[in-house]
Each structure stands twice: as structure tokens, then as C-alpha cells.
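Remarks on the structure that follows.
Every read-out reported here was derived from the displayed coordinates using simple, explicitly stated rules and does not represent laboratory data. Keep in mind that this is a model prediction, so the values were computed, not measured. Note that each Cβ is placed from the backbone with ideal geometry, even for glycine, and that neighbours are counted across all protein chains shown.
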Amino acid sequence: MAQMNMLEAIRDAMRVEMKRDTNVVAFGEDVGKVGGVFRVTEGLQEEFGEDRVFDTPLAESAIAGMAVGMGIQGFRPVAEIQFVGFIYEALDQMFVQAARMRYRSGGRYNSPIVFRTPFGGGVKAAELHTDSLEGLAIQTPGIKVIVPSNPYDAKGLMISAIRDNDPVFFMEHLNLYRAFRAEVPEGEYTIEIGKANVVREGKDVTIIAYGLMVHTAVKAAEELEKQGVSAEVIDLRTLLPLDIDTIVASIKKTNRAIVVQEAQKTSGAAAEIITQINEKAILHLEAPVLRVAGPDTVYPFAQIEDAWLPTQARIIAAVNKVREF
Amino acid sequence: MSKLLSKLPYEVQTEPVYPLSVLSPEGEVVNPDLLPNLSDDQLKEIMYRMVFTRTWDERAVNLGRQGRLGFYAPVSGQEASMIGSEYALNKEDFVCPGYRDMPQIVWHGLPLYQAFLYSRGHQHGGQIPEGVNVLMPQIIIGAQILHATGVAMAFKKKNEKRVAITYTGDGGSSEGDFYEGLNFAGAYKLPVIYCVQNNGYAITTPYAKQTAAPSIAHKAIAAGIKGVQVDGMDVLAVYKAVSEAAERGRNGEGATLIELITYRFRPHSLADDATKYRTKDEESEWMEKDPLIRFGKFLEKKGLWTEEDTNRVKEEAKAAVNDNIKKAEATEKMTVSGLIDSMFEHTPAHLEEQKADFQ
């Protein structure tokens, strides 16, 4: 099996699908010749030609809107928005036009589009490069939201996203692109959209996370183990649809949980997860479910980025809080 | 060399543009060499559609007042722009309309009762039948411009000899999506036609406050595509301009921006009061340019149309509107669970669960 980092795994997924289905096309700013600013699509233009992998003029709304138009004519666009903050320029086309196509046309048309974007903090980038905007997406009816945490999942989920007949917002944590290599099978395999993964079993507390925070949570769990606390870690992988069943099954075992997200605290993915836990598992809880998140400020300047983002220490503190409740 | 260079113009120059017209308001051919090559039957068919659409519009306004239609944007005055441009297309060409552009998609194949269902807020209104190449009307001003651009990109990539056409208004030409769409079409040389029906007002805001550009057609220059201005009250001029643009698109010569100078005789919508921002004088001035009168006179002189024809078509249109509104009213009501099932191809578990609250 090949060893790949996450960006190579995403590229491999795109390559597999572009080979399988000539309707799959990839485009965006700088995506063609050099393969994007992170080189995710590197080599794809060489392999599949400029007709299928191409640069666009610099206009995010038009990138997303063109994807919508191509989508109703049989293409399966994989459209890259260069950095997550730039989706603000394309919100109508992504979250209204693509997301409502099936509903507006009563199923006559659909938007089989993957909107890829790097996101996530910890790299001292310029403003609006590293925000976590998944909360906007999960409140938008009609679009699925995927946030992989490792190369294996990223490939399987990207293949599923490309094959999905509804629009998918595929968020790639840029601190994970080259963070580590892992075994990734050759050829095609899929991971079901909407299925979480228990990455570490435990019996005392459940830590729910996604993206880079899965790794921070696992490190915190390892530390907790030394203190005699057995923490289960769930990698959500998909935020919409949310795999609440896996979360509830874990809480039935541990009776305590926290949710970790990089995004600002209020009204985000964590808030929704806790609401659903309340609806489905409140009688299994021994303590309130807590959030470890960024404060409700604008994503910070690079100088204080590390202090702003959830840390292992804050996760451990939250775990201790729910245990001592 | 440097002396020579210094004499080259470094300031962008623009020339004024004048609307293409074929017929005078009296129905006389003023530009015989621009007269499109249409058979007598085709000419009569265009008139039939314009009269039908005028009557449909009158009836729709009444139905709206009776509460039998929901949101409705009147079209009277813009028939030449709407009918003439659609008539210049092939059935395989794809139409991306704005909210006022119901006539184009109905004449392109959408059944009339579905247009009424759309207005009544029923999902089946947007369930375009197979083989009818249109999108449902767009509410976000200008968003459809990018969809037409993407559709044209698809046609180009599949080497299909088809064009996409999209419509917006003078207000829509101020949107970011308008500029982005034109620019993409220029960069990729796409087979797309951008029609701007400049009816003088974006709801109430007059054209003079919309732009300092010499014309909307001039906006094509920045995108490197062809721009033309057309008398939008002259159906033959509209037909001519759109046929040429379609031919250019099919021949791989790229996109065209067409500014159609027109006027809506009625208010923006049934909730709007045009007397608050337009003068009676202005309105009657434009009424004299009525596209139906102009084209009717032209046809009468050719012996192709009489007042009886107009009356016959009006009766036909009234009957069709009656039948279709009844059909729309008889269509089974939507349900919340049906709506839930229309969000995704496969309804996810959380939405499946939410149905229980509505049963």
C-alpha cells in the first residue's frame, strides 16, 4: 500500500474519479498548471488535459456559479475555492444556487458539485485564510459538509463526494495537508458520507472532534490515560449529515462528553451536536456536555493564533470538569 | 521609437452606440438590409405569441389581484424583447431567465400551468419537463448569468452546437455576477448570449442612477466580448440581433452582450406603484412605441394580419389562461414531507426523522 499525506490522498481520489468518469472536471484559481497553491491538483492537468483541469479567472462567485451551470448539463465539477474565507464571495452560488437546485426544480436538476477549500488554523497565514466556516454550511439546507482528518479518510470521502449527486462542501485542514503520511489503498474505495469513526476507544468520557482537532483530542486522551482516565475519541468525518447514532452509542457507554472545534464557540457544529445529544441521550448523561472552542471573536492575528486555538490542556481541563461534575 | 510610442493613445476611447432597428414606430422598414429572413408563417407566429403574451399578462395581473396567483412580474411592453429573442433560438438552446422572463421559458416549452404553479409557490412549477431546455426563473438578481456561463462552458466542452441565453435588467447589469459572467465568457470564448432588457428602472431606481457607462452594451468592451444595442420595442431588430449572436456562438466566435432598450408598461410587480417614480408623459411616450402596434402595422401592410386576427388570438389566450389556471389550482397541494424529500437525492436520517413532526 502506498504511503500518502492528505493532499496526495485527495489528489489520488480526484485522479481515480477523473479516470473513471469523463464528466469529472476540476477548476479554480491556479488549479491547472501548478496544481493550486497547495499543489493538491498537481499533475492532473498534465494527465487529463487542460480541457478537464483548468485555471479560472479570479472570481469565486463565477467559479461556483459556473459549476452550477455545468452541473445541470451533466458535468461533475470539483471546484476549488482557494482559501476558506474566499467562500464569502461565493456564498450565494454555493449555499443558495447549488444547494437549492434540486428543491427548486423538484428533482429535475441537481448540483453534483464538490466545493473544495483549505481551512483551519495554526499556520500563521494572512487574514481570512484559516477560519472555520463549517457552521455556516451546516445551517444551509441542501449541502453536505465533510471534514476529513487523515489521508485514508480524505481519499475515501472525496471519492464519495464526487459521486454524490448533491453538492458537498469539502473542507481540507491545511495543517493536515503535509502533517503525516499514512497507508492509503490504491484505486477506488469509498467512505460513506455521514458515518463517524471511533478512533480511540475508552469508557470514562467521549471526546467528539473533527479535522485537526481529532489529533489534538487523541493526544489529550493519551495524556489522560496516564492519569487513569479512559477517553473515547470520535472523529465525525462528516458534519452534515451528522452521525448522531455513533455519538449516542458512545455516550451510553461513557455518560460524559465534550465537543472540540476550532470555530468560534457560539452556534457552531458543537452547539448542534450538543443539542442532538440533549434530544437523544439526556438520560444517559452524568454531566453537561461542554465545548472546547475558539472564543467569539474574529479569527485572530497570527501573533496569538496558538493561544486562541483549542489546546490539549484545554481539552484535558474540560474532561476533568465533566468528570468532576 | 520612443517618440512614436508617445503618440500612441494611452487613454481608452469609446464610441457612442445607437440601437439597431428594423421597423419605424409606424411599422415601416427603415433598414431593409437588416430585415431578418423570416417566412410569412414565422412572422405571423411571432405576432401570435406577442398578442397571446399581452393577453396572458393582462389576465395574470387580474388573477394576481384575485389572489389566484402569487408573485407576478408584469411583462407588457417587453414582448418584442422577450418573444423576439426566444424565437431566434433553437429548441436545444438553453434559457436561464430572471424573474420577469416567464414568456421566454413558456414559449421555449414550459407548460403554462406550471408557470402559474411557480407563481403560486408550488414546487411543480420548477419541475421543468424533460427535453425543455430552461431553468426556472431566478430571484437573486444576476445569479442566472453565471449559470448560463456554466451551461455554455458545458456545451463548448461537449462540442455541441448549442448556445445558452440569459436575461437580466438594467439593474442586474450592476451586479458583480454580471461582470464575472461576462469576463469568464470572454476568457473562455463561450457560446452564450447575455440579454439585458433595459426598461429604464430597477424597480424604482432610474437607469440614470444605475451606471455612468455610455451604455450597458459598452460593458462588453471590458470583457472582450461583442456588445450590441437594440431597439427592444422592435421585434424584428431583436430577432436579428439574437440570431446573429446565436450563430456566432455556434460558430465558436464567443459571447454577445445585447442591450435591449425597452419599457414595462405596468409596475414592477403587483405590489409596486409606478406613479411614484414615473411620469404619465413618459409612460404615454413609450406606449406610442408599443411593440404590438408597430409589428402589427408592419404585418397589416403585408396583408398578413388583421384586427380580427388579434381578437381571435386574444380569445384563444383567455381560454388558455383559464384552462391553465384551473389546472394549476387543481394540482395536488405540496406536503412538508414531500418538500423534505426534495432536499437530497437520498433523504438523510435526520431529515427523515423531522418528517414525523408534520404527519
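With a simple spin-label model that places each label point 7 Å from the Cα along the Cα-to-Cβ direction, the separation between B:Q354 and A:Q276 comes to 1.2 nm. Which of the GluC sites (Glu not before Pro) found in region A:177-253 are loop residues per DSSP with 16 or fewer other Cβ atoms within 10 Å of their Cβ? Of the GluC sites (Glu not before Pro), the ones in loops of region A:177-253 whose Cβ has at most 16 other Cβ atoms within 10 Å are A:E186, A:E188, A:E192, A:E201.
Excluding A:T56 itself, what net charge comes from residues whose Cβ is under 15 Å from its Cβ, given Lys and Arg +1 and Asp and Glu -1? Around A:T56, the charge tally is -4. FRET efficiency for the A:E223 to A:K203 pair, using the beta carbon distance and R₀ = 22 Å, is estimated at 0.85. How much of the DSSP bridge set in region A:2-184 is antiparallel, in percent, rounded to the nearest 5? Counting DSSP beta bridges with both partners in region A:2-184, the antiparallel share is about 15 percent.
Loop-located GluC sites (Glu not before Pro) in region B:37-139 (DSSP state other than H, G, I, E, B) with a sparse environment of at most 16 neighbouring Cβ atoms within 10 Å: B:E92, B:E130.
Shielding value for B:338-345 is 5, the average number of Cβ atoms from other chains within 10 Å of each residue's Cβ. For peptide B:348-358, the mean count of partner chain Cβ atoms within 10 Å of a residue's Cβ comes to 2.
Note on B:T279 and B:I203: the model spin-label points, each 7 Å out from Cα along the C-beta direction, lie 2.5 nm apart.
Let's test the formula: R0 of 56 Å, r as the Cβ-Cβ distance of A:F301 and B:E308. What FRET efficiency results, to the nearest 0.05? Plugging the Cβ-Cβ distance into 1/(1 + (r/R0)^6) gives 0.15.
Seen through its C-alpha gyration tensor, with square-root eigenvalues sorted a ≥ b ≥ c, chain A comes out prolate because a/c lies at 1.5 or above while a/b is bigger than b/c. With the helix formula -39500 (n - 2.57) applied to DSSP H stretches of n ≥ 4, the protein assembly as shown reaches a computed 222 nm mean residue ellipticity of -12000 deg cm²/dmol.
Does chain B come out rounded, prolate or oblate by the C-alpha gyration tensor, with a ≥ b ≥ c the root eigenvalues, rounded set by a/c under 1.5 and, if not, prolate when a/b is larger than b/c and oblate if not? Since a/c reaches 1.5 but b/c is at least a/b, the shape of chain B is classed as oblate. Beta bridges assigned by DSSP with both partners in chain A are antiparallel in approximately 20 percent of cases. With θ taken as phi - 60° and the Karplus curve 6.51 cos²θ - 1.76 cosθ + 1.60 applied, the whole-hertz 3J(HN,Hα) list for region A:178-194 is 10, 5, 7, 9, 8, 6, 10, x, 6, x, 9, 7, 10, 10, 4, 5, x Hz, x standing for glycine and proline.
3J(HN,Hα) along region A:27-34: 7, x, 6, 6, 6, x, 4, 8 Hz, from the Karplus curve 6.51 cos²θ - 1.76 cosθ + 1.60 with θ = phi - 60°, whole Hz, x for Gly and Pro. Among the DSSP beta bridges whose two residues both lie in the protein assembly as shown, what percent are antiparallel, rounded to the nearest 5? Antiparallel: roughly 15 percent of the beta bridges in the protein assembly as shown. Applying both filters, DSSP loop and at most 12 other Cβ atoms within 10 Å, to the chymotrypsin sites (Phe, Trp or Tyr not before Pro) of region A:124-214 gives A:F180. The ranking of B:T256, B:T149, A:T246 by Cβ neighbour count inside 10 Å, starting from the fewest, reads A:T246, B:T256, B:T149. Annotation: amide H of A:R291 within the under-5 Å range of A:V259, sequence separation 5 or more or interchain, hydrogens built in the peptide plane. When +1 charges are put on Lys and Arg Cβ atoms and -1 charges on Asp and Glu Cβ atoms, the dipole computed for the protein assembly as shown relative to its Cα centre reaches about 420 debye. All other residues whose Cβ lies under 11 angstrom from that of A:V24 are scored, Lys and Arg at +1 and Asp and Glu at -1, for a net of +4. Taking Lys and Arg as +1 and Asp and Glu as -1, the other residues whose beta-carbon sits under 13 Å from that of A:K195 total -3. Bridging of B:K314 to lysines at a Cα separation below 27 Å is possible for B:K44, B:K91, B:K240, B:K280, B:K289, B:K297, B:K301, B:K302, B:K326, B:K327, once same-chain residues fewer than 8 apart are set aside. Distant-in-sequence amide contacts of A:G28, defined by a placed amide H-H separation under 5 Å and a gap of 5 or more residues or a different chain, comprise A:F54, A:T56, A:E80.
Taken residue by residue and averaged, Cβ atoms of other chains lying within 10 Å of the Cβ of A:95-106 number 5. Close amide H partners of A:H173, meaning residues 5 or more places away or on another chain with modelled amide H under 5 Å apart, are A:F119. Quickly work out the B:S24-to-A:K19 label distance, labels modelled 7 Å from Cα along the C-beta direction, and quote it in nm with one decimal. Rounded to a tenth, the inter-label distance reads 7.1 nm.
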